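Beneath this line is the structure, given in structure tokens, with notes to follow.
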Amino acid sequence: MSNEIRLMKGNEAMAEAAIRAGCDAYFGYPITPQSEVLEYLAREMPKHGRVVLQAESEVASINMVYGAAGAGFRAMTSSSSPGISLMQEGISYIAGAELPCLIANVNRAGPGLGTIQPGQGDYFQSVKGGGHGDYRLIVLAPSSVQEMADHVFLGFDLADKYRNPVMILSDGAVGQMMEKVEFKPYTNPAVDKSGWATVGKPKDRQRHYITSLHIKPEKMEEHNLHLQEKYRRIAEAEVRFEEIKTADAELLFVAYGLSARICQKAVDLLREAGHKVGLLRPISLFPFPEKRLAQLAGQVKQMLCVELNAGQMVEDVRLAVNGKVPVSFYGRMGGMMPTPESIVAHAETLILTRHDS
Amino acid sequence: MILEETYNTKTTDSAEEVYDTVYEPPCTLLDTPMHYCPGCYHSLVHKLMMEVVDEMQIQEQVVGVAPVGCAVFAYEYMDIDMQEAAHGRACAVATAVKRLMPEKYVFTYQGDGDLAAIGIAETIHAINRGENFLIVFVNNAVYGMTSGQMAPTTLPGMLSTTTPTGRDTSFYGQPIKVAELMAQLPGAYYVTRQAVNSANAVRKTKKALLKAFQYQQENKGTCLVEIVSNCPSNWKMTPVECISFINEQMLPVFPVGDIKVPKL
């Protein structure tokens, strides 16, 4: 099977990838700027004999995902910020019950109803929990239409491998922009779920039940420790990031998703002006590339985090470098985009004041 | 100690010698102590459902969905594959399970807080879509697990921990009649309300459950069996007093009988 090249919106690429990744069921509810995912799948999934359903709410969608995943099927939902907030209870249950599934958040700016324009204000919610209790999602942050597709395949595989929900945290710009996307042949690793999926109990095995309830504190703590051990394994094995021109960098940009795209241009402009700057783009937000950032803290003079929020990932960057180098923040909110030039100007001020001091 | 052992051995021996087995609990009901309060009807309803599963020989084809509420541990007692749903979301969970495995028998088991308060949206939409599963709705007019707060089905004037002077209908409205409400939806195929506070009522409930399971084979829509139940602990009544309370107070508001039956 050869590669297929298409021109698509980020949201459509994600939907098409879901079909190619063998997603058995998609449940969603309309919300801007991601309704194309539901529309695309409502049109295409039945052609493949898959289940697609417009639910009555995001609360229902995520619980349908729970049911489908609990029966051993590849299941997915997508939404945007307010809808993802509604799903948090269900996501916590899914994490507690250790069900593999894929949740895509095409982030818009908030809080509240906010605006339909892109934002990255859901970093904390995605990476630090969002729902109740101690749990982690594997969080992937695509910065291109290509990655919107790639992360669907990767996301399903990681979800199955660790029996853990995976979130794709993109934003309204990456969801809506049109770019070239290449679909490579994909083989579903077909992880065996017959040891736990609820498909009807034959005589010769114990019953299966999906639950996040462990009423005895001893059992609950045991389950908590098991989850934490799993998150450690994930942190050990699944860190993903991209480095651009970091080899001799003295100022390091740290940015993900759309803001990384803008920073990439800023890096080029600053290099043309003779400044040694580079970019580290976390691709996985959990697990976070903290080890690599700690290494780079021994090389660069300072770091500058650029986000479409009031400064969220910057806290994790500061934790990673642990005071070794100054970490500054530059961001816009409310759906406003920083221009590469504004980032350049901000970086040049920092270079002048910090490098010389 | 010695005396007790002798006594036990004696009765076991004599029981085997003297009696034939005339009744056994269903094979799919696990032989484990239940957490339900003495006199509570949940265990009885569990048993009836598992009797139906046994009689239809469908253990391998059944997937159940447990609620949040007193029946949250239903999967500890039923020897079938089950999922424990978030509070009120059983119908959403069951929708996915049934859509992905249309050949299976799927049911939800829900109480009045779960189904009629927090989960009424999921319930209405599932029935409106005509999802081809069975909803077993156990209505005891009170939040049992959280110990006695007002439910959407609490009777007018009925005491609860959150209506200490009785449910004031001018303040909280009338109890929701779930079966009548849901029967209006075109997706509902079979809707009935039954009770389990007499031997006769138990037999009728069993029949209703059997029919409701069987109707899934026809793929014609949602079946809802509402069962008027009790709560000795939170009603602060003995199980015997509960029987009269159901007859005198509950059944006038929640009358038993078929509300919607398949057209032949």
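Looking at region A:295-311, which of its residues are out of contact with any strand residue (DSSP E or B) (no Cβ under 9 Å at 6 or more places or on another chain) and in a loop (DSSP other than H, G, I, E, B)?
The answer is A:Gly298, and nothing else.
Hey, among the residues in region B:92-106 that are facing another protein chain (nearest Cβ under 8 Å) and farther than 11 Å from B:Val62 by Cβ, which one's surrounded by the fewest Cβ atoms within 10 Å (Cβ to Cβ)?
B:Leu100
Confirm whether B:Val68 is touching a residue at least 40 places away in the same chain (Cβ under 8 Å), of a type outside the set (Ser, Thr, Tyr), more than 8 Å from every other protein chain (Cβ to nearest Cβ) and not in a strand (DSSP E or B).
For B:Val68, the condition - touching a residue at least 40 places away in the same chain (Cβ under 8 Å), of a type outside the set (Ser, Thr, Tyr), more than 8 Å from every other protein chain (Cβ to nearest Cβ) and not in a strand (DSSP E or B) - is met.
Any idea how many residues of region A:204-234 are touching a helix residue (DSSP H, G or I) at 6+ places or on another chain (Cβ under 7 Å) and within 14 Å of chain B (Cβ to nearest Cβ)?
We begin by selecting, within region A:204-234, every residue touching a helix residue (DSSP H, G or I) at 6+ places or on another chain (Cβ under 7 Å); these are A:209-214, A:230, A:234.
From the residues that got through so far, the ones that are within 14 Å of chain B (Cβ to nearest Cβ) too are A:209-214.
So the count comes out to 6.
Among the residues of region B:235-249, what is the count of those that are assigned to a helix (DSSP H, G or I) and in contact with a Cys (Cβ under 9 Å, 6 or more places away or on another chain)?
Selection size over region B:235-249: 3.
Only one of these conditions is not met by A:Leu308: (1) more than 30 Å from A:Val152 (Cα to Cα); (2) touching a Ser or Thr at 6+ places or on another chain (Cβ under 8 Å); (3) in contact (Cβ under 8 Å) with a residue 60 or more places away in the chain. Which number is it?
The number of the failed condition is (1).
What number goes with the only condition from (1) in contact with a Ser or Thr (Cβ under 9 Å, 6 or more places away or on another chain); (2) within 11 Å of another protein chain (Cβ to nearest Cβ) that A:Ser57 does not pass?
Exception for A:Ser57: condition (1).
Are there any helices (runs of 4 or more DSSP H) wholly within region B:118-220 with 3 or more residues that are crowded, with 20+ Cβ neighbours inside 10 Å, and if so which? So that I can check it myself, show each step before the final result.
On the way: elements: B:120-128, B:169-172, B:178-183, B:199-215.
Answer list for region B:118-220: B:120-128, B:178-183, B:199-215.
Considering each of A:Glu16, A:Glu39, A:Glu58 in turn, give the residue that is of a type outside the set (A, V, I, L, M), out of contact with any Asp or Glu (no Cβ under 7 Å at 6 or more places or on another chain) and surrounded by fewer than 20 Cβ atoms within 10 Å (Cβ to Cβ).
Values: A:Glu16 fails: surrounded by fewer than 20 Cβ atoms within 10 Å (Cβ to Cβ); A:Glu58 fails: surrounded by fewer than 20 Cβ atoms within 10 Å (Cβ to Cβ).
A:Glu39 is the lone residue from the list that is of a type outside the set (A, V, I, L, M), out of contact with any Asp or Glu (no Cβ under 7 Å at 6 or more places or on another chain) and surrounded by fewer than 20 Cβ atoms within 10 Å (Cβ to Cβ).
Among the strands (runs of 3 or more DSSP E) lying completely within region A:249-294, list those that include at least 2 residues that are at pLDDT 95 or above and over 16 Å from the mean Cα position of the chain (by Cα).
Per the criteria, A:251-254, A:277-282.
Residues are listed down the side, and each one gets a yes or a no for (1) within 22 Å of A:Ser61 (Cβ to Cβ); (2) in a loop (DSSP other than H, G, I, E, B):
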site: A:Gly121; (1), (2): yes, yes
site: A:Gln125; (1), (2): yes, no
site: A:Val139; (1), (2): yes, no
site: A:Gly155; (1), (2): yes, no
site: A:Leu158; (1), (2): yes, no
site: A:Met167; (1), (2): yes, no
site: A:Glu179; (1), (2): no, no
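Scan (1) within 22 Å of A:Leu53 (Cβ to Cβ); (2) assigned to a helix (DSSP H, G or I) for the single condition B:Thr108 breaks and write down its number.
If we test B:Thr108 against (1) within 22 Å of A:Leu53 (Cβ to Cβ); (2) assigned to a helix (DSSP H, G or I), just (2) comes out false.
The values are calculated or read from the model by the stated rules, or taken from the named source; none is laboratory data. A quick note: this is a predicted structure, and the numbers were derived from the prediction, not measured. Methodologically, a virtual Cβ is constructed for each residue, glycine included, from the backbone with ideal geometry; neighbour enumeration extends over all protein chains shown.
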